[in-house]
Amino acid sequence: MSTSTSSFRSVPPQEPDLASFGFGSFQEYRLWCLCQGYSDGLSISQADLPQPAGAYEGRRALHDTEARRLAIRRTVAGVVERSDAFDALDNSDAGRNALLDLMLHTNRYMDVLKTKLLSREVGRHRELSYGLVALALHHDRWIRPVESWISPLPTQGSPRREDQFSSLVRHLVARYEVPQFMDRVWFEGAGERGREHRKWFIDVASGRSIRTMDTPIRLTRRMAHLFMRGAYPKGGLEQNMRWAQIIAMGGSFAQANAILRTRMGRRFEDDDFWSTVVLFIANNPMLDPTWIGPIVDYIHAMRSVPTQVQAESEITQGPPRQPHLTMKGRSATKLLGQVEAWHELLNREDGVAFQHWRQSGLSNLELVEETSQLGKVRWTVRELLSSQELAAEGRAMNHCVVSYSDQCAAGDTAIWSICAHREAQPENVLTAALDTRRQTVTEVRGRYNMVPNKRPASAQGRAQERAGYMALLQRANVVLNQWIKREGLQRD
């Protein structure tokens, strides 16, 4: 920049001007502007620009001070209290050194010690440190030096942290395109599942086909193509595999969404059988998607859930009712009749073996509100803690929530009942299932398996609509969302 010009107010800076202040490109200059809090690079005085001798120092973000860099060194060394994300590096000097390089360099663009820096969509562990530690553990697979990474430049505003991490991980390990939904594998923790998923990421980034890997769902060429397109961006690896499987088999988007809300969107074992369930659903396009959840629950119960018999004060277990159940030759109409008969059996208290379980650790909710449509209502969100309570909920709502008894007793699922109190007796309005491991509400059903914000397809549901139930259902869904937000949960 010429000495007679005091700012870039009139025209953008040219390459010779940028180079004289230590910027290698216009992108670097724009990033420096964003880090310093300037919305653009046109109204910056010459005095504010970094001097050539200190160009590197000048391009640091405002939070990237010497004190912050010292804090990073102390954190990596374990001198100060830190997140459990760092524990995986305790026995790896090379990993710690790689992490230190990562954190010192990326801190120029994002505050690496800040907690909950990333959005929910990234994964359960939303602190950047979890992803950086996982990357450091794979330092032997880096194909480029971390020092050459530059944060991506947004079209407007500041770079999204998720996009910055996506850019960083691809800079370090990717030679080929990787769908962005796979980024969440770096935030799955240090367990075996997370390690295996990160290996898949690096293999895909190195050019291997996802079909060659030991995945829980065997993918055809068409399925692998859909998987790589990332058709279900809110899901992780297995959810996208299931999505690709459903669509490749001829299923609709509505069917795919319904299947992913069932246990088939959370459990992926024995896929040789469950793929036949996918094909059955895809081959029955006129099947109301609201029936898919009950059908999957019924099939799982018949094929896999041990029978339970109450003998005095003791519960004994026997084999599942139909351990060799297959989908071959099944009629959709006959299957729906079997599901309804099973519901009736479940909802009889004398047909349910008594079980009870501990609370999930979440709080119940009670609130009073008044709306023009419903008047004054006291709402309660309450956890159900026994098989008898589930049976009573199922009878009131005409659905099969009692089939979750074993999952609740094992601590995998928690069931919550949302009730409206307008007169003497409370009205059961909505039932929600929570995956306790993922802290995610995975299933929400009203009476006769009705779904909020969707017109009922069944005759019973339409009768409930005419009786004014829809207004209660929609408002109960709002109350449920308030509870989810208060408890810091996610909703699938």
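Observations on the structure shown:
- Neighbour counts of C-beta atoms inside 10 Å place 187, 354, 227, 280 in the sequence 354, 280, 187, 227, starting with the fewest.
- Sites residue 491 and residue 330 - FRET efficiency at Förster radius 51 Å, r taken between beta-carbons, to 0.05: 0.95
- Segment 211-346: relative contact order as a whole-number percent, Cα under 8 Å and 6+ apart: 17
- The residues neighbouring residue 144, those whose beta-carbon lies less than 12 Å from its own, together hold a net charge of +2 under the Lys/Arg +1, Asp/Glu -1 convention.
- Taking the square roots of 5 times each eigenvalue of the Cα gyration tensor of segment 365-491, largest first, gives ellipsoid semi-axes of 22, 17, 14 Å.
- Normalised size of segment 211-346, defined as Cα radius of gyration per 2.2 N^0.38 Å with N residues, equals 1.15.
- Within-9-Å neighbourhood charge of residue 442 [Cβ basis; K, R +1; D, E -1]: +2
- Label sites at residue 316 and residue 482, each approximated as a point 7 angstrom past Cα along Cα to Cβ, lie 5.0 nm apart.
- If R0 is 35 Å, the Cβ-Cβ spacing of residue 222 and residue 114 corresponds to a FRET efficiency of close to 0.25.
- Principal axes of segment 66-208: Cα extent on each, largest first, Å: 40, 39, 29
- Put a dot 7 Å past the Cα of residue 63, heading toward its Cβ, do the same for residue 195, and the two dots end up 3.1 nm apart.
- Neighbours of residue 290 by Cβ distance under 9 Å: Lys/Arg scored +1, Asp/Glu scored -1, total +1.
- Backbone N under 19 Å from the residue 344 label point (7 Å along Cα→Cβ), restricted to segment 281-302: 294-295, 298-299, 302
- Flagged links, alpha-carbon separation over 27 Å, of 116/199; 234/328; 116/234; 199/328; 234/485: 234/328; 199/328
- Using 0.36 nm per residue and subtracting the Cα-Cα separation, the extra length available between residue 374 and residue 180 on full extension is 65.5 nm.
Each value in this text was obtained by applying a stated rule to the coordinates, not by laboratory testing. Computed from a predicted model, the values in this text were never measured in an experiment. Using ideal geometry, Cβ is built from the backbone for each residue, glycine included, and neighbour counts are taken over all protein chains shown.
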